[in-house]
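What follows is a set of notes on a single structure, which appears directly below.
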Amino acid sequence: MPRVNKICCIGAGYVGGPTCAVIALKCPHIRVTIVDLNQARIDAWNSPDFHLPIYEPGLEDVVRKARGRNLFFSTDVDKGIQEADLIFVSVNTPTKKSGVGAGSAADLNYVELATRRIAAIATSSKIVVEKSTVPCRTAESMRIILEANSKPNTRFDILSNPEFLAEGTAIKDLFAPDRVLIGSLQTSEGKEACQALCEVYRNWVPNDKILTVGLWSSELSKLAANAMLAQRISSINALSAICEATGANIDEVAHSIGQDSRIGSKFLRASVGFGGSCFQKDILNLVYLSESLNLKEVAEYWKQVVTMNEYQKRRFSKRVVDTLFNTITGKRIAVLGFAFKADTGDTRESAAITLIRDFQEERALVNIYDPQVEHSQIWSDLSEASPSMSLETIQRQVSICSSALEACRNAEAVVIATEWAEFKTIDWQSVYAGMNKPAFVFDGRLLVNVEELRAIGFKVAVIGRGERL
Ligand code: UDX
Ligand code: UDX
Ligand code: ADP
């Protein structure tokens, strides 16, 4: 069995960075080099004051312990490839924006370029591990590219090792994963390569949590896990609409159904809609895969999960407009939270972006506060969401504030879009004093104490609760 002494990770993003930093921490005998073409990103990973390019609780501590010991960050992709026994491919796989499959298929250009680079550079055998979430059978394409371009006496074994970490809990998830999934070809070489990667994880993951399966099962399991998680949220959100129309309470409904051990209580929190880089992209991948396999009904089934999510966002912004006497033109709305969920600075597919775009289209004034997201990121997301508006026009309507209290000043309504813990301890008395009356709170995250806010004088509308404000 090949033994892994040197690992290279191509792609220093949300997946590659934390995953390989943890591998370095837990395997001091393995030299781990994370490479990326993006100089600014690598500089941030190497910054003397540990101002890392992504915010993730616990990450800084891991990097402090391992960086310079057996963890290195570099833009020298070729050297990283050359030296490694095992290479993780952790590059981005966004949804295609043009061409065949635009809007649903994964753009595999970055995976292909990285794979071709490995083939061009490698002069010794490598285990190549697909870490990015990719459509089923991508490993096969990688294998064909590598074999067609390999040098004599260089063999490549391909593994699929999808990452299940969630942002905000990445380090916790990596330290104690529910499972590590490794897919390989069922040949003796494939199984040996698989065992070599198992050895790496065995340094801290119990053996019974390391699952080894076929290559394609592994690839499909990743898409399926995300699709089923997203489906739970769309299901609970669909029920939240019924609750609002009937006067039932989604918290009570979710708790009641979650007590059934076959259903389970996790991931049943109604919200303003799911976001993040994975859920929508992976479902659309599954839809595209089903369509290309001629499984039209299967494609339609999964597509509905995304449709319901879009509906939930639209329904929420419409409720804001309807409640504010059918117009928000010229009214100030404070949006608390811009990240797609708490404890991350990531905004990809964040529901807040859609809500704010809707408010802009109604010609409202919007104040945004988020404790983590960089201002430049907010401006770039809002510009992308409204391509027909110039940044100057957007900035005439939208302001970024430095605290929740500041954002709420002179507002007619507060919209809670992200469940940041600090929003649970907002001084609502002071917020109320600074707002125009009647003062509304729209809770898209089931976060506030409704009775307490009503006692102060707020009109409170909550996802999945239909009672009078
Ligand atoms: C997800 C998967 O959880 C992870 O296993 C996979 O590797 C990557 O995709 P992530 O996108 O980081 O992780 O976050 P997650 O915690 O799953 O939340 C996704 C979205 O769903 C967020 O917008 C979150 O607010 C929302 N959500 C989650 C709900 O609205 N309700 C819930 O009950 C749970
Ligand atoms: C169901 C609910 O389980 C129960 O809580 C409710 O009170 C009544 O409806 P039941 O219809 O008796 O109970 O059987 P159940 O075991 O839930 O199975 C329903 C159907 O689903 C069966 O045809 C079963 O074969 C099928 N099923 C169940 C699957 O195909 N796959 C599964 O994993 C589980
Ligand atoms: P993810 O959430 O999947 O980790 P990110 O976009 O955060 O995605 O990170 C992917 C990283 O991969 C980016 O920093 C990008 O610069 C890097 N990358 C993409 N293609 C290559 C390549 N061929 N070589 C090196 N790095 C690459």
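The values are calculated or read from the model by the stated rules, or taken from the named source; none is laboratory data. It should be emphasised that the depicted structure is a prediction, and the values quoted were computed from it without experimental measurement. In this analysis, Cβ positions are derived from the backbone assuming ideal geometry, glycine residues included, and neighbour counts consider all displayed protein chains. The protein model used for the area step is the full one, side chains on, heavy atoms only, and it has no ligands, DNA or RNA in it. Shrake-Rupley method; radii C 1.70, N 1.55, O 1.52, S 1.80 Å.
What percentage of the solvent-accessible surface of the chain, computed with a 1.4 Å probe over protein heavy atoms, is contributed by carbon and sulfur atoms? Each step should come with its number before you reach the end.
Numbers: 10540 of 20740 Å².
Of the solvent-accessible surface of the chain, carbon and sulfur hold 51 percent.
For segment 424-469 and segment 81-146, what is the separation of their C-alpha centers, rounded to whole Å? Answer, in whole Å: 48. Treating r as the C-beta distance of Glu297 and Phe325 and R0 as 30 Å, the FRET efficiency rounds to 0.10.
Absence of a disulfide-compatible partner, taken as no other cysteine beta carbon within less than 4.7 angstrom, is noted in the chain for Cys8, Cys27, Cys136, Cys194, Cys198, Cys243, Cys278, Cys401, Cys408. The distance linking segment 365-417 with segment 1-57 is 33 Å (Cα centroid to Cα centroid, whole angstrom).
Rolling a 1.4 angstrom probe over the protein heavy atoms with all chains in place gives the chain an accessible area of 44 Å² per residue. Students often get this wrong, so check it: of Lys266/Lys313; Lys131/Lys296; Lys65/Lys341; Lys172/Lys341; Lys131/Lys266, which have C-alpha atoms separated by over 18 Å? Going by Cα-Cα distance, Lys266/Lys313; Lys131/Lys296; Lys65/Lys341; Lys131/Lys266 fall outside the 18 Å limit. Among the listed pairs Lys26/Lys424; Lys331/Lys459; Lys26/Lys303; Lys424/Lys459, give every one whose C-alpha distance is greater than 28 Å. As for pairs spanning more than 28 Å Cα to Cα, those are Lys26/Lys424; Lys26/Lys303.
Note on the chain: antiparallel DSSP beta bridges, both residues inside, total approximately 10 percent of the bridges counted.
Taken one residue at a time, the phi angles of segment 175-185 give Karplus couplings (6.51, -1.76, 1.60, θ = phi - 60°) of 5, 9, x, 4, 7, 10, 10, 10, x, 9, 5 Hz. Gly and Pro are set to x.
For Lys6, the aspartates and glutamates whose Cα comes closer than 16 Å to its Cα, not counting residues fewer than 8 places off in the same chain, are Asp76, Asp78, Glu83, Asp85, Asp157, Glu199.
So which helices of the chain fit the span-like rule, where a helix is a whole DSSP H run, its Cα atoms reach 30 Å or more along the axis, and its mean Kyte-Doolittle is at least 0.0? Counting only whole DSSP H runs, the qualifying helices are 215-246.
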